[in-house]
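See structure below.
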Amino acid sequence: AQAEIEAREYPGAYHRVAYHRPDGSPVYVETTRPELIPSAVALIAHPDDERYQGLFGTTVTSPVFGVEIPVVAHHLAEMDKGAGIAMCCTFGDLTDVQWWRELDLPVRAVIGRDGRL
């Protein structure tokens, strides 16, 4: 449905999720869609966000699944939304699709042809 792909504000709870740097220190992401964690292919922050300057070009490990993903910059990341750094999950919303295309990110399918995770 069109409503599922339009950007709209909905009431919901943010979940604080810790990704980990190689030294074990956390990078927190705040998300309303924790079920998309297995499909995360990158963490993305705004290139002007000083909080994440030292992370660009590095990797973090996802919680639960232990998958290593890059931390990259993109101008569509919203510095004032959540923690200011977002998961790019193929395909959570239209911004994820744009990031995936423009940043040449991989696809991470988490549901197999048999319907299992």
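Taking (1) out of contact with any helix residue (DSSP H, G or I) (no Cβ under 6 Å at 6 or more places or on another chain); (2) at negative phi in turn, residue 64 satisfies each apart from (2).
State which residue is modelled with the lowest pLDDT when the search covers only the stretch 28-55 and only residues that are closer than 18 Å to residue 104 by Cα and surrounded by 15 or more Cβ atoms within 10 Å (Cβ to Cβ). By that ranking, first place goes to 39.
The values are calculated or read from the model by the stated rules, or taken from the named source; none is laboratory data. In this text, all values refer to a predicted model and were calculated from it rather than measured experimentally. For neighbour counting, all protein chains shown are included, and Cβ atoms are generated from backbone atoms with ideal geometry for every residue, glycine included.
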